[in-house]
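Single-structure report; data block below.
Only the coordinates and a few stated rules stand behind these numbers; no lab work does. Predicted model, so just to flag it, every value in this text is computed and none were measured. Cβ placement follows ideal geometry from the backbone for every residue including glycine, while neighbour counts extend to all protein chains displayed.
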Amino acid sequence: MSKTEFLIGRRGLDLIDDFYPEDLPSEWRFDYYATQFKALCLPIDTKEDLESIFEELEDSDEEFELALSVSPKLINNDKELTTLLGAIESYKSLFVLFCELDQLPSDKVISLFKGFQVSFQSNNQLQLELPVKEVAGKHLYFNHIPVLYTQNSRNEKQIRDYIQQAAVINERTILICQNAESESLNKVRVIAEILGF
């Protein structure tokens, strides 16, 4: 029996499909979003109020996973990355650092990630000292919970096929659908539930 469980979410809180009530203050968007979905990916240099989000996560008993993505630009800027990580280090148990990699980061960058929960996704096989799973044509390297990041919008059959491919991970997994709107996210969630994930 598969141990796969998908926590489904998207990148960013800027849903534009009438997801949020019209009169909802922007600072309440995360709370509202978290009542509907189990995961969210934000850029590590987001304009969102991360401290407020961390406080919400600390106070909540609900299952929710936050991934903070590190862009390739930041991976190659260890000075800026050091500053960003330093600002959130005290909350490191509340999020997973996520990055899509084409190649192995420098030793200095790898050392910056020590002590953090991390998940890397790559099209290539990399020499990282982390557990690895090959899922839906991607290599996932992680030390806590894997993040599977997809940019493609799909029809129902493609969603079903993708979820069945991804289910070989046999782990609790954050599934981020990059720019999906709420209707698409709900469709992914329902299909995953029907398939038993």
Regarding region 4-75, what is the average projected area of its C-alpha convex hull, in nm²? 6.1 nm²
Net dipole in debye of the chain [+1 Lys, Arg Cβ; -1 Asp, Glu Cβ; about Cα centre; nearest 20]: 1100 debye
How long, wide and thick is region 118-196, going by the Cα atoms along their three principal axes, in whole angstroms, largest first? 38, 24, 19
State, in angstrom, two size descriptors of region 80-151 derived from its alpha carbons: Rg to one decimal place and Dmax to the nearest whole number. 12.1, 34
Give the distance, in whole Å, between the Cα centre of region 84-156 and the Cα centre of region 33-65. 18 Å
CD proxy, 222 nm, the chain: helix-only mean residue ellipticity via -39,500 (n - 2.57) per DSSP H run with n ≥ 4, per residue, nearest 500, stands at -9000 deg cm²/dmol
Find the percent of Cα-Cα distances in region 99-138 that exceed 15 Å, and round it to a whole number. 38 percent
Could you please tell me the mean projected area of the C-alpha convex hull for region 11-144, averaged over all directions and given in square nanometres to one decimal? 9.0 nm²
Starting from 0.36 nm per residue, how many nanometres of slack lie between residue 194 and residue 126 once their C-alpha separation is accounted for? 21.1 nm
Give, as a single signed number, the net charge of other residues whose beta carbon lies under 12 Å from the beta carbon of residue 123, with Lys and Arg counted +1 and Asp and Glu -1. -2
Choice from 120, 19, 142 showing the highest fluctuation, given a GNM over the chain with Cα pairs closer than 10 Å: 19
